[in-house]
Amino acid sequence: AAPGDYTGWRVLITAGGTREPLDPVRFLGNRSSGKQGYALAARAAARGALVRLISANVSLPTPEGVEIERVESALEMQQAVREDVGWADLVIMAAAVADFRPAAYAENKIKKTHDAADPEAAPMIALERNPDILAGLVADRGEATKPVIVGFAAETGEPGRSVLELGAEKLARKGCDLLVVNEVGAEKTFGQDENTVHILRGDGQPGLDAGPASKDEIADAILNLAIKVMA
Ligand code: C5P
């Protein structure tokens, strides 16, 4: 990474994991720590970029020189991203966005019942789809070349299908410019300080593999490829 190579570039980054409210005290969430997104924000700022970070439920210090906006849910994140996308040259969607949210929000705390005839009664939670923020950005961009859009894919693999195959499929489906594919599982990636990724390019040119390395080094590798795509 050349020092200052990002000077003048405007970079919008999402980080963390959304929380989908169920009632005033409960939510559906995920295990994203926000570390990779925060490392991207820190490295982009250190390389000279103007950085806006949309952060969902992360308990990490705000990186120096980074403008932060906090959100909770996927719908709030979508609104924040839409407000800033026109400003950005590069959008990096590192956040783990919930695919589903509770279909109804209970204004009061959901309580257990005390019915002797049915002591095991439990509520059903219906879910509905959240918007795919990333796919929406790609669609709204249309034929324009700005902003360059980077997606993330956290994959566990499937029987007979590698993480890379699933990543290539996701890249085609989402239509973004770069897709950062990482393997997740009980002990992999989420909350860890090291990461191993395959960065795939939407234009068919060769991407690159990075890691195992610190999330700062992974961030630099992603930024190195992104600046090539932007140039
Ligand atoms: O489809 P999947 O959730 O694996 O895609 C991951 C990528 O899509 C990430 O970049 C994530 O930030 C983004 N995403 C999104 N909106 C969603 C779900 C995922 O922008 N509802």
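One table, with the values for the structure above:
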{"read-out": "Dipole-positive endmost among 104, 212, 86 within the chain (Cβ charges, Cα centre)", "value": "86"}
{"read-out": "Bridge type composition, region 152-223 - antiparallel percent by DSSP, nearest 5", "value": "75"}
{"read-out": "Within region 3-155: Cβ-based charge dipole about Cα centre, in debye rounded to nearest 20 (Lys, Arg +1; Asp, Glu -1)", "value": "380"}
{"read-out": "Spin-label pair residue 60/residue 146, simplified geometry with 7 Å Cα→Cβ offset, distance in nm", "value": "2.8"}
{"read-out": "Accessible area expressed per residue, the chain, with surrounding protein chains retained (probe 1.4 Å, Å²)", "value": "53"}
{"read-out": "Accessible-area composition of region 49-109, carbon plus sulfur, in percent [1.4 Å probe]", "value": "46"}
{"read-out": "Under DSSP loop assignment and at most 13 Cβ neighbours within 10 Å, longest chymotrypsin sites (Phe, Trp or Tyr not before Pro)-free interval of the chain", "value": "106-231"}
{"read-out": "Whole-percent carbon and sulfur share, accessible surface of region 132-231, 1.4 Å", "value": "50"}
{"read-out": "With eigenvalues of the C-alpha gyration tensor scaled by 5 and rooted, the chain, Å", "value": "33, 20, 17"}
{"read-out": "Gap separating the Cα centres of region 53-78 and region 140-180, nearest whole Å", "value": "23"}
{"read-out": "Residue list for region 5-28, given a label point 7 angstrom along the Cα-to-Cβ vector of residue 111 and an amide N cut-off under 18 Å", "value": "23-26"}
{"read-out": "DSSP-defined antiparallel bridges as percent of all bridges, the chain, nearest 5", "value": "40"}
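The values are calculated or read from the model by the stated rules, or taken from the named source; none is laboratory data. Values in this document were obtained by computation on a predicted structure and should not be read as measured data. Please note: Cβ atoms are built from the backbone with ideal geometry, for glycine as well, and neighbour counts cover all protein chains shown. Just so you know, the surface numbers come from the protein's heavy atoms only, side chains and all, with ligands and any DNA or RNA stripped out. Shrake-Rupley method; radii C 1.70, N 1.55, O 1.52, S 1.80 Å.
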